[in-house]
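Student: What follows is a single structure, and I will ask about it in a moment.
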Amino acid sequence: MDSIYVQLCQDHGNIQQVLDAFEQLLVDMAREDRDPSTLDLIIDALDYIAIYPEKWHHPVEDITCELLLAKPGIEPEPILRAREEHRRLAQETRKMKELFYTVANDCAVERDHLYGAARQYLAAQRSHILMENHCVFPLMERYLDAADWEQVRARLGDRVDPLFGPAMRDQYDAMQRYVSDLRTTAPA
């Protein structure tokens, strides 16, 4: 299978790890004895989701969706749904970042609103990944050929994941350690 397809699959696993970390950080944030860096890590997680998936992962999926829609016999509903969810999730990520930046700037945010919005955000992100894994990615695997993947590559090129890739940016060091620690302490 093409390296871009492999990267898309790997991205879903990586994004899920960041979502799991975000969820655990929300639990940590609710504790009175929380680590002061918890809020910074939440903002790092949201920043990562805003930058890498929204700037590379989803645009690649959108191009593959265009290619799939041009193939004869493809059911368009899951493909069109994925593309619409990309737009909606980008908006929700911006709203989530704004909400947590408001908290970081010591502005009052109702606790129920903050945690309710975060739970809805997590559910929407996870539902999107699940839908793509079960409905869209199998179509990519079945219908896209080497020429299609070359077209994707020509339009966007390869990009390196700033959190999980080999050239990790310094700003994600703490988030990378947190995700790594979370993986090692998670029950099997």
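Student: If the only charges are +1 at each Lys and Arg Cβ and -1 at each Asp and Glu Cβ, what is the size of the charge dipole of the chain around the Cα centre, to the nearest 20 debye?
Tutor: Roughly 240 debye for the chain.
Student: Please give the calculated 222 nm ellipticity per residue for the chain, where each DSSP H segment of at least 4 residues contributes -39500 (n - 2.57) and the sum is spread over every residue; nearest 500 deg cm²/dmol?
Tutor: Rounded to the nearest 500, it is -24000 deg cm²/dmol.
Student: Continuing with this model, one more query. Restricting attention to the range 34-84, which trypsin sites (Lys or Arg not before Pro) occupy a DSSP loop and are surrounded by at most 15 other Cβ atoms within 10 Å?
Tutor: Arg34
Student: Working only with C-alpha atoms, what are the Rg and Dmax values of the range 3-185, expressed in angstrom?
Tutor: For the range 3-185, the Cα radius of gyration and maximum Cα-Cα distance read 17.5, 58 Å.
Student: Could you give the nm distance between label points at Arg155 and Glu75, where each point is 7 Å from its Cα heading toward the beta carbon?
Tutor: 2.4
Student: How much length, in nm to one decimal, is gained on full extension between Asp181 and Glu98, taken as 0.36 nm per residue of separation minus their Cα-Cα distance?
Tutor: Between Asp181 and Glu98, full extension yields an extra 27.2 nm.
Student: While we're here: Against the longest alpha carbon principal axis of the chain, how many degrees, from 0 to 90 and to the nearest 10, is the axis of helix 3-30 turned?
Tutor: 20
Student: Follow-up. Could you pull out the longest piece of the chain with no exposed loop GluC sites (Glu not before Pro) in it, calling a site exposed if DSSP puts it outside H, G, I, E, B and it has at most 13 other Cβ atoms within 10 Å?
Tutor: 111-188
Laboratory data are not the source of any read-out in this text; all were calculated from the coordinates shown. Just so it is clear, the model here is predicted, and its values are computed rather than measured. Neighbour counts run over all protein chains shown; Cβ positions are idealised from the backbone, glycine included.
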